[in-house]
Amino acid sequence: MSLPRLDGLIVLLAFGALPAWASTEEDLFFKSVADVNEGELRFLTEMPAKPVHHHQNRITIDDASLNSGWVHLEQCHRHLDPVPRTQVVFRQDFIRNLRLVRQDGIGRAWVEGPSVQLEDIGPDAILCIQADTLALSPWEAGGPVLRNGPYMRRFLDGYYPMRVSIQVHLATDQIRFAALSPAPQPGLDLNIQGQNIKLEAVFEGQLRTEMRFGPDGTAP
């Protein structure tokens, strides 16, 4: 049995929904048409000159996760685009216990169903949330699979640079890391230290990740 993939975070102006207002972020307007990414994933080997939306995730997998598929998520967003209103949306029925833990530089933020609504986002705003997400497929052949994404920063028909950090903590001794897709490459770094797996990506387009686990640490 395989669980459906958890839909990626959707943030208006940053994650794929067409807004009814305009961003004040100059980079979104004055980027050359020839330079606009239309969705193809492209890893960047150098950080952009200006800070870009940084999407940080810490995911904890424990023994209960291997039976239920639910994992604990701690998530922070930094360098959000300064806009009058936006939202963070998760797939219905794949999120529970969603709560705010930090908001800086944001006029108002509140949880509404499977979403976090934001108003008056200022420069250098920070948003941090916690939740449980149904992101693990424990019963796949070869071992459990953790799927995340798509991550994207989108405005109108273009995709813009974004940074994603994912740290997975294995609070269980039943599984070990086996493989990552896409494979590590320039712009996508992987670091494994004991029970902690860290992924760092800087990219344009849409990024989906699959992290596979096996009982002995070998690829399925």
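Computed values, structure above
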{"quantity": "Cross-chain or 6+ apart pairs with Cβ under 9 Å, segment 126-154 first and without any contact (Cβ under 8 Å) to a residue 12 or more places away in the chain, then open to solvent by 10 Å² or more (accessible area, probe 1.4 Å)", "calculated": "none"}
{"quantity": "Residue pairs meeting the criteria (Cβ under 7 Å; at least 6 apart or on separate chains; first touching a residue at least 12 places away in the same chain (Cβ under 8 Å), in segment 41-54; second part of a loop (DSSP other than H, G, I, E, B) and hydrophobic (A, V, I, L, M, F, W, C))", "calculated": "H53/A14; H53/L80"}
{"quantity": "Scan of segment 75-99 for residues that are surrounded by fewer than 16 Cβ atoms within 10 Å (Cβ to Cβ) and in contact with a strand residue (DSSP E or B) (Cβ under 6 Å, 6 or more places away or on another chain), ordered by number", "calculated": "R96, N97, R99"}
{"quantity": "Residue match in segment 168-191 (condition: touching a helix residue (DSSP H, G or I) at 6+ places or on another chain (Cβ under 8 Å), more than 25 Å from A64 (Cα to Cα) and among the hydroxyl-bearing types (S, T, Y))", "calculated": "no"}
{"quantity": "Every residue from segment 112-147 that is in contact with a helix residue (DSSP H, G or I) (Cβ under 9 Å, 6 or more places away or on another chain), part of a strand (DSSP E or B) and open to solvent by 10 Å² or more (accessible area, probe 1.4 Å)", "calculated": "L134"}
{"quantity": "Counted residues, segment 105-147 - those being among the polar types (S, T, N, Q) and at pLDDT 95 or above", "calculated": "1"}
{"quantity": "Subset of segment 41-69 (residues that are under 20 Å from D124 (Cβ atoms) and in a loop (DSSP other than H, G, I, E, B))", "calculated": "M47, P48, A49, K50, P51, V52, H53"}
{"quantity": "Test result for M1, open to solvent by 50 Å² or more (accessible area, probe 1.4 Å) and at pLDDT 85 or above", "calculated": "no"}
{"quantity": "Matching strands (runs of 3 or more DSSP E) fully within segment 172-214 where at least 2 residues are more than 20 Å from W139 (Cβ to Cβ) and open to solvent by 20 Å² or more (accessible area, probe 1.4 Å)", "calculated": "188-193, 196-204"}
{"quantity": "Subset of segment 58-68 (residues that are surrounded by fewer than 21 Cβ atoms within 10 Å (Cβ to Cβ) and in contact (Cβ under 8 Å) with a residue 60 or more places away in the chain)", "calculated": "R58, T60, D62, D63, L66, N67, S68"}
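The values are calculated or read from the model by the stated rules, or taken from the named source; none is laboratory data. As the structure is a prediction and not an experimental result, all values here were calculated from the model. Every residue, glycine as well, gets a Cβ built from its backbone with ideal geometry; the counts of neighbours run over all protein chains shown. The area values use the complete protein model at the heavy-atom level, side chains included, leaving out ligands, DNA and RNA. Shrake-Rupley method; radii C 1.70, N 1.55, O 1.52, S 1.80 Å.
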